[in-house]
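I have placed the structure first, in the form of structure tokens, so that the comments after it can refer back to it.
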């Protein structure tokens, strides 16, 4: 790895055809500069083999995981693997293996990363090939994310990082939950590159609608404390409003102004609203504790998930 100035980390799950094409395009564009770290996320039907890299003519390793851990944690494991081996002049690119992150746009990220004020260069999508339904829900999600966390999010996993940025990220317990969220939480200086998103090389996406929604909520889990504060404030406001309205309903009842049956219905609804806001605040508090208590420091625990690390033949012979 030390002999290459560009390290590409990519997760692969049951997608040998697309990843093999990605390796060939990367090899054609970067030739001897490139080292690929492909994380096989517990594939069963189409396990990734080193032969795909050999056929493409690139150096690299295939990290085989004992089980499927998910897209984000697979990226985190790949970054943890390379973090201890990086030199000061090397650059790391994180990208998907299905072709939607175009290899031809990597130089744009690397150019943006040259700025001394940029620690991570991230891709902001100028155009997408998804359906209008996906675009609509994604636009709603971005606004919901900003409202709940107080931070805008407009990028995904496609990014370029300096060595010190990689080392900072792998030290964060939020990284396996949501990579983009961890970048925001890390306080690293980001540089945005408007890039187009390409179509898949082959096959169908493994991410369904439920998976996308779960991925979005995991991004909010990174900022669980901020979400808790905002939900708590909202619950407090609603509880205060419900209390004031309940007092007003009692006063109207005592003054004889309310109509028969109105007081019972209104007071009952207000009490239910008060109880629900309290329950929501407690649930958010408990979930925050679960998120923080259930995360493991990946920098020391990622080796437990790795089954084997398979280098390309040239590297194996050199070792």
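The values are calculated or read from the model by the stated rules, or taken from the named source; none is laboratory data. Every value quoted in this text rests on a predicted model; they were computed, and no experiment measured them. All Cβ positions, even for glycine, are placed from backbone atoms using ideal geometry, and neighbour counts span all protein chains on display.
Evaluate the following for residue 36: is it in contact (Cβ under 8 Å) with a residue 12 or more places away in the chain, under 24 Å from residue 191 (Cα atoms) and within 20 Å of the chain's Cα centre (by Cα)? Even if it seems obvious, please write down each step before you answer.
Numbers: in contact (Cβ under 8 Å) with a residue 12 or more places away in the chain: yes; under 24 Å from residue 191 (Cα atoms): yes; within 20 Å of the chain's Cα centre (by Cα): no.
It is false that residue 36 is in contact (Cβ under 8 Å) with a residue 12 or more places away in the chain, under 24 Å from residue 191 (Cα atoms) and within 20 Å of the chain's Cα centre (by Cα).
Looking at this structure, is residue 75 in contact with a helix residue (DSSP H, G or I) (Cβ under 7 Å, 6 or more places away or on another chain), closer than 21 Å to residue 169 by Cβ, part of a strand (DSSP E or B) and at pLDDT 90 or above? Explain how you work it out, then say what you get.
On the way: in contact with a helix residue (DSSP H, G or I) (Cβ under 7 Å, 6 or more places away or on another chain): yes; closer than 21 Å to residue 169 by Cβ: yes; part of a strand (DSSP E or B): no; at pLDDT 90 or above: yes.
Spelling it out, it is not the case that residue 75 is in contact with a helix residue (DSSP H, G or I) (Cβ under 7 Å, 6 or more places away or on another chain), closer than 21 Å to residue 169 by Cβ, part of a strand (DSSP E or B) and at pLDDT 90 or above.
Say whether the condition of being touching a strand residue (DSSP E or B) at 6+ places or on another chain (Cβ under 6 Å) and modelled with pLDDT of 75 or more is met by at least one residue in the range 209-229. Let's see the steps before the verdict.
Step one: filter the range 209-229 for residues touching a strand residue (DSSP E or B) at 6+ places or on another chain (Cβ under 6 Å), giving none.
No.
Give the residue, chosen from 11, 47, 103, that is more than 23 Å from the chain's Cα centre (by Cα) and either assigned by TED's automatic domain parsing to the domain that holds residue 120 or over 22 Å from residue 202 (Cα atoms) (or both).
On inspection, the qualifying residue turns out to be 47.
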